[in-house]
1. Just checking, how many residues over the stretch 1-56 are closer than 25 Å to residue 74 by Cα and either β-branched (Val, Ile, Thr) or in contact with a strand residue (DSSP E or B) (Cβ under 8 Å, 6 or more places away or on another chain) (or both)?
2. Of all residues in the stretch 12-44 being among the hydroxyl-bearing types (Ser, Thr, Tyr) and in a strand (DSSP E or B), which is nearest to residue 61 (Cα to Cα)?
3. I'm trying to understand the selection: among the residues of the stretch 1-19, which are loosely packed, with under 10 Cβ neighbours inside 10 Å, farther than 19 Å from residue 47 by Cβ and in contact (Cβ under 8 Å) with a residue 40 or more places away in the chain?
4. Show the residue pairs meeting these rules: Cβ distance below 7 Å; 6+ apart or different chains; first residue within the stretch 62-90 and surrounded by 18 or more Cβ atoms within 10 Å (Cβ to Cβ); second residue part of a loop (DSSP other than H, G, I, E, B) and among the acidic types (Asp, Glu).
5. If you take the residues in the stretch 85-117 that are more than 13 Å from the chain's Cα centre (by Cα) and among the polar types (S, T, N, Q), which one is farthest from residue 129 (Cα to Cα)?
6. Within the stretch 125-146, which residues are under 12 Å from residue 97 (Cα atoms) and not in a loop (DSSP other than H, G, I, E, B)?
7. Among the residues of the stretch 30-82, what is the count of those that are closer than 13 Å to residue 19 by Cβ and among the hydrophobic types (A, V, I, L, M, F, W, C)?
8. Part of a helix (DSSP H, G or I), loosely packed, with under 14 Cβ neighbours inside 10 Å, without any contact (Cβ under 8 Å) to a residue 40 or more places away in the chain and not assigned by TED's automatic domain parsing to the domain that holds residue 61: which single residue out of 149, 94 fits that description?
Amino acid sequence: MKRYKTSTKETKEVVVEYNGFVIYRVTIQGREWDYFHRCYTDKITHTDVYYTFAKGVGKPLYDCYRCTVDSLCEAIDEFINGTTCFLTKAERRKYIAKPNEECEWGFSKKDCQKFLEEHKKGNIKTQYIIEERLEDANFHTFCGLLCAKDYNGAEEYLRNW
């Protein structure tokens, strides 16, 4: 019996190129835990398959996961048209995780007012980053108002803070 330290095995394979992006099929296989030997075995308990994309082979993957290639192609089209935004893990770390760690996931009323103003005048990527930072810090209500572009509601929310 082989013994493993991780509970999953992940494999990636290139499926097709689409509009300048490479689509990957990602397969994750879950391994069974052996209570007696206190390790994971080579027995597969479940398999999950999803599709994601990158700018090229070997390039960082975007945080977009879909069940079918067709739905991923639609997401890529939206990404190209600028109607949606996706980040790589490095971008997510740089723009969301690290700044939130530095402020210890806490925002003042002044910070939220600044987010509101930046969201109003920002492009799709700026708006996405602001929304993700707020979600990561558990500011769900305020984030929901910004996502819906309910700026009057967001201003009312801040007045009643």
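1. 27
2. Among residues in the stretch 12-44 that are among the hydroxyl-bearing types (Ser, Thr, Tyr) and in a strand (DSSP E or B), the one nearest to residue 61 (Cα to Cα) is 24.
3. Passing the criteria: only 1.
4. Within 7 Å, the pairs are 86/63; 87/63.
5. 108
6. 129, 130, 132, 133, 134, 135, 136
7. 9
8. 94
The values are calculated or read from the model by the stated rules, or taken from the named source; none is laboratory data. Computed from a predicted structure; not experimentally measured. Cβ sites come from the backbone with ideal geometry, for glycine too, and all protein chains shown count toward neighbours.
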